[in-house]
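First the structure, in the form of structure tokens, and then the observations on it.
The values are calculated or read from the model by the stated rules, or taken from the named source; none is laboratory data. A quick note: this is a predicted structure, and the numbers were derived from the prediction, not measured. Remember, those area values only see protein heavy atoms, side chains included, never the ligands or the DNA or RNA. Shrake-Rupley method; radii C 1.70, N 1.55, O 1.52, S 1.80 Å.
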Amino acid sequence: MNKITLRVTDAAYALSCSSGVIYKLIRTGKVEYYKRGRDYFITYTSLVAYAERMASHKKL
């Protein structure tokens, strides 16, 4: 089964943030990713789960 993945720039665009924020999420383990060569790929399901967690925090 292939996972849908996004490059850092695409993930940043999807969350309306900078690439630096995405790299921080990678470093802190808040999103699932893998690395191929110099490129990082974030799984779509991990990014959606992170966005949902953040949306539920903002409602409080």
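Things worth noting here:
- Between 0 and 90 degrees, the angle of helix 44-58 with respect to the longest Cα principal axis of the chain falls at about 20 degrees.
- Solvent exposure of the chain amounts to 79 Å² per residue of accessible area, where only protein heavy atoms count and the probe is 1.4 Å.
- Residues whose amide H comes within less than 5 Å of that of T5, counting only those at least five positions distant or on another chain, are Y44 (H built at 1.01 Å from N in the peptide plane).
- Residues of type aspartates and glutamates that K3 reaches as a straight line, Cα spacing below 15 Å, ignoring anything fewer than 8 places off in the same chain: E32
- In sequence order, calculated HN-Hα J values of the range 24-39 (Karplus, 6.51, -1.76, 1.60; Hz; x Gly/Pro): 5, 4, 5, 4, 8, x, 7, 10, 7, 8, 9, 10, 10, x, 9, 9
- Anchor K30: aspartates and glutamates whose Cα lies under 16 Å away (excluding residues fewer than 8 positions away in-chain): E52
- Calculated on C-alpha atoms, the gyration radius of the chain divided by its Kirkwood radius gives an Rg/Rh of 0.97.
- Here the accessible area of the chain is 54 percent carbon and sulfur, with a 1.4 angstrom probe and all protein chains present.
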